[in-house]
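These notes are about the structure you will find just below.
What follows draws every value from the coordinates through simple rules; no lab data is involved. Please read these numbers as outputs of a predicted model, since none were measured by experiment. All Cβ positions, glycine included, derive from the backbone under ideal geometry; neighbour counts span all protein chains shown.
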Amino acid sequence: MMKTDVVVIGAGAVGCAIARELSKYQIQVMVVDKNEDVGGDASKSNSAIIHTGYDASPGTLESELVVAANPMYPELVKELDVPFKQTGAILPAITQEQFEQLPAIKAKAFKNRVYDIEYLTKEQIIAMEPNINPEVRGGLHIPRESIIDPFILVQALAENANENGVDFLLNTKVTGIQTENQKIKAVETTAGVIETRYVINAAALYCDEIAGMVGKAGYKVVARRGQFYILDKNTSCKVNHIVLPIPTKITKGKLMCPTIHGNMLVGPTAEDLDNKTDKSVTADGLESIVKDVQRLIPNVDIRDTITQYSGLRPNRNPEGLHVDMYDDLEGYVNLSGVRSTGLTLSVSMGVYVAQLLKEHGCGLVYKENFKKTRKGIRIFHEMTACEQEEIIKENPKYGNIICRCETITEGEILDAIHRPLGARSMDAVKRRVRAGMGRCQGGFCGPKVIEILSKELNIPVEEVNKNVSGSYMVSGKMR
Ligand SMILES: Cc1cc2nc3c(=O)[nH]c(=O)nc-3n(C[C@H](O)[C@H](O)[C@H](O)COP(=O)(O)OP(=O)(O)OC[C@H]3O[C@@H](n4cnc5c(N)ncnc54)[C@H](O)[C@@H]3O)c2cc1C
């Protein structure tokens with residue numbers, strides 16, 4: 001039987017941030033996830049915005065955690081080598097009705113203690129965003145709204161946690177939780193039983209099912225789907241900021257913003273589904289994005305789309321973000337309702353959960369040798385010509401370009417595979433080094449990446465997965 005002090009269920013942003021925080025202490029932590037890779041589900045299909053919390057519901061735990069998280073990023077991304085940029089957000093008011101809403105939005109931001117939000121005149125907005133609808137009447141500027149690489153953020157948290165002693169059990173589903181005398185005793189998984197004193201439920205969309213295993217599911221989670229377009233880096237109509245619509249009572253609405261790698265992101269929709277697995281994109285959903293975003297950016301060129309995707313928000317019913325511990329079940333921490341701001345608040349959630357454990361008697365003694373930094377994969381196309389020459393001399397694999405669209409070398413792909421918690425599938429390579437993220441979406445580099453994975457993992461090409469186990473891409477030889 002495996003044994004640990006804490007089992008974190010879920011290797012998404014939230015689970016990995018909690019694990020990284022706990023790795024600062026002398027306590028054994030194991031993260032269990034049913035997926036083949038760290039990175040979660042919602043955590044890899046979102047808008048990738050680090051929010052300020054200006055529009056959260058004042059006085060809620062969500063507001064507290066998002067507002068606390070935002071200022072943590074500039075330092076954290078340096079420590080963990082994560083691509084991040086404070087672009088700022090603009091809320092343009094196009095109609096008179098929207099214009100009249102601006103003071104209320106500003107007042108709400110103040111209630112959330114986001115004070116650096118400023119009015120913008122029509123002229124200022126047009127100077128900042130030349131592609132904005134010329135009918136704009138004015139708006140708001142929220143300078144600390146930021147963009148991040150969400151894949152690298154979670155990988156970095158996981159790798160750093162792993163370097164500090166956290167074990168990751170991937171491809172492993174939690175199927176039950178054993179208790180004894182109103183205390184956590186063990187977690188049952190598809191890889192065996194893990195004896196543990198603490199369980200942290202960070203299973204997001206499935207947190208109600210995990211809570212049901214210990215009789216604590218007093219809520220339901222439904223999927224709220226968000227569909228997106230990604231536009232080519234060379235699209236003619238771009239924005240420099242996160243351009244957000246004035247929210248309505250029902251939705252925050254559809255936005256356009258740059259991604260950290262220079263594409264344009266357009267979306268998302270907000271559709272409640274009756275199943276938790278439908279990650280398709282639909283004609284209706286996509287059309288609604290174009291219609292809505294054209295009100296903000298009339299010349300957005302959707303023909304420059306290179307891909308579309310959707311993500312599922314774990315929508316709690318009744319609503320609200322909750323972190324619960326129970327008098328009648330020692331050692332169980334239940335997270336629920338981590339919905340639209342979970343990427344941002346993952347890092348403050350880590351600190352919050354660690355504090356909660358301390359308050360509930362979990363002796364957390366600081367590790368003298370905690371290593372707080374992590375170095376990312378060296379990116380060839382960001383190096384100077386001299387650095388490129390040097391690295392090719394050291395390792396000629398950096399001279400072999402595999403992904404032409406994004407200029408990704410074999411050396412980077414090998415690093416992605418061989419580093420701790422390395423890539424085991426084509427999508428895992430893509431999320432680490434962007435091979436296949438460009439205009440041709442892997443049409444050119446896909447077969448080469450399959451060959452490299454096959455060689456490095458020492459498996460036949462027929463057994464290389466796209467993502468989940470069994471998602472093979474090669475079925476045999478034609479001739
Ligand atoms: C369309 C959309 C846009 C968004 N935009 C933003 C944004 O711009 N900024 C922001 O801050 N947030 C945003 N979010 C929210 C954010 O993405 C999520 O709140 C966050 O990623 C949640 O992280 P998580 O770790 O809780 O969940 P996930 O990333 O979903 O991870 C949960 C993990 O639990 C695992 N799991 C579940 N059940 C089991 C089981 N039985 N056994 C083992 N493992 C299990 C899953 O495999 C998964 O890996 C958006 C979300 C969506 C969908």
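When a/c is below 1.5 the answer is rounded, else prolate if a/b is larger than b/c, else oblate, so apply that to the range 237-384 with a ≥ b ≥ c taken from the square roots of the Cα gyration tensor eigenvalues.
Values: a/c = 2.75, a/b = 1.48, b/c = 1.86.
Oblate.
Expected output is a single nm value to one decimal: the length gained when fully extending between Met1 and Thr175, i.e. 0.36 nm times separation in residues minus the C-alpha distance. What is it?
Details: separation 174, 0.36 × 174 = 62.64 nm, distance 1.56 nm.
Stretched out fully, the Met1 to Thr175 stretch lengthens by 61.1 nm.
Need the full-extension length gain, Val290 to Glu118, defined as separation in residues times 0.36 nm minus the C-alpha distance. One decimal, nm. Working shown, then result.
Details: separation 172, 0.36 × 172 = 61.92 nm, distance 2.80 nm.
Stretched out fully, the Val290 to Glu118 stretch lengthens by 59.1 nm.
If each DSSP helix of 4+ residues adds -39,500 (n - 2.57) and the sum is divided by the residues in the chain, what number results at 222 nm, nearest 500 deg cm²/dmol? Write down the numbers at each step before the final one.
Numbers: 13 runs with 141 residues, N = 479.
Helices in the chain give a 222 nm mean residue ellipticity of -9000 deg cm²/dmol.
In which sequence would Tyr206, Tyr54, Tyr25 go, from the one with the fewest C-beta neighbours within 10 Å to the one with the most?
Values: Tyr206 19, Tyr54 27, Tyr25 22.
With the sparsest Cβ surroundings first, the list reads Tyr206, Tyr25, Tyr54.
What ranking, highest mean first, results for peptides 444-453, 36-45 when packing means the other Cβ atoms within 10 Å averaged over each residue?
Details: 444-453: 20.3, 36-45: 24.6.
Going from most to least packed, we get 36-45, 444-453.
Peptides 321-331, 222-232: what's the order by average Cβ count within 10 Å, highest mean first? Kindly include the intermediate steps, with their values, before the conclusion.
On the way: 321-331: 16.2, 222-232: 22.1.
In descending order of packing, they fall as 222-232, 321-331.
Calculate, in nm to one decimal, what Asn467 and Glu390 gain on full extension: separation in residues at 0.36 nm each, minus their alpha carbon distance. Provide the component values of the computation, followed by the final result.
Values: separation 77, 0.36 × 77 = 27.72 nm, distance 3.39 nm.
Working it through step by step, the gained length comes to 24.3 nm.
Using the 4.7 Å Cβ rule, please list in number order the cysteines from the chain without any candidate partner.
That list is Cys16, Cys207, Cys237, Cys257, Cys362, Cys386, Cys405, Cys440.
Counting Lys +1, Arg +1, Asp -1, Glu -1, what net charge surrounds Val353 among other residues with beta carbon under 15 Å of its beta carbon?
Numbers: positive: Arg20, Lys24, Arg197, Lys358; negative: Asp5, Glu21, Glu62, Glu64, Asp324, Glu359.
Here the count lands on -2.
For the chain, what class follows from the C-alpha gyration tensor (a ≥ b ≥ c being the square roots of its eigenvalues): rounded when a/c is under 1.5, otherwise prolate if a/b is larger than b/c, else oblate? Write out the running numbers ahead of the final one.
Details: a/c = 1.62, a/b = 1.10, b/c = 1.47.
Cα axes put the chain in the oblate bin.
Give the order of Leu457, Leu421 when sorted by the count of other beta carbons within 10 angstrom, beginning with the fewest.
Details: Leu457 16, Leu421 22.
Exposure proxy ranking, most exposed first: Leu457, Leu421.
Hey, with R₀ at 51 Å, roughly what FRET efficiency would Ala104 and Tyr366 work out to, going by the Cβ-Cβ distance, to 0.05?
Values: r = 44 Å, r/R0 = 0.87.
It comes out at approximately 0.70.
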